[in-house]
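Trainee: One structure is given below, represented as structure tokens, and several questions about it will come after.
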């Protein structure tokens, strides 16, 4: 297993997950609700920045590896799923949104694993719609984690709610895109 700065940043993203979740369960005497929301948002945004940075550095420095290519999407999916479960627990996101997003991640991960086993992984390689879905999630979730008035201008849920719904729709779109790309292989293998 290689170890370099991009992989370290990915591991750091994984290590941030317990912070984003755990901060909400600290006693009120340590942090009030506003401070918990703020710190969870800061941790999540920091982790989201490493999502972009680790890939950029790996490509720039020629440190792209099979392990990094495996760990990066796993870290993203764990981070998003953990944040969605926290948001669901505090009634900041609907059950259908969490179910659609987490269900899609499980479905497409399984599809990619199966396609790799049959030597057809290129047909389900990351596409622009998948990147757009991830961007929408990584923008919407901090607004919902913060859950307060921002700059005395607006409450963050007025942006976070519609964005997470858009993210859920993009999630479904991307899932159907990948399934449609894989359908010829699925159909041919099912007939055997």
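Trainee: Normalised radius of gyration for the range 109-192, please: alpha carbon Rg relative to 2.2 N^0.38 Å, two decimal places.
Mentor: In units of the globular-protein estimate, the range 109-192 measures up at 1.48.
Trainee: How tilted is helix 95-117 with respect to the longest principal axis of the chain? Cα atoms for both, answer in degrees (0 to 90, nearest 10).
Mentor: 30
Trainee: Grab the Cα-Cα distance for residue 21 and residue 132, subtract it from 0.36 nm times how many residues apart they are, and report the gain in nm with one decimal.
Mentor: Taking 0.36 nm per residue and subtracting the Cα distance, the gain is 37.5 nm.
Trainee: For each of 54, 148, count neighbouring Cβ atoms within 10 Å of the residue's Cβ, then give the residues from fewest to most.
Mentor: If I rank by nearby Cβ atoms, fewest first, I get 148, 54.
Trainee: Can you give me the distance in nm between label points at residue 99 and residue 189, each placed 7 Å from the Cα along the Cα-to-Cβ direction?
Mentor: According to this spin-label approximation, the distance is 2.7 nm.
Trainee: Hey, another quick one. Multiply the residue gap between residue 91 and residue 176 by 0.36 nm, knock off their C-alpha separation, and tell me the result in nm, one decimal place.
Mentor: 27.8 nm
Trainee: Further question: Based on Cα positions only, what radius of gyration and what Dmax would you give for the range 5-184, in angstroms?
Mentor: 17.0, 58
FYI, it's all coordinate maths here, none of it is from the lab. The structure presented is a predicted model; accordingly, all values stated were derived computationally and were not measured. With ideal geometry, Cβ positions are generated from the backbone for all residues, glycine too; neighbour counts draw on all protein chains shown.
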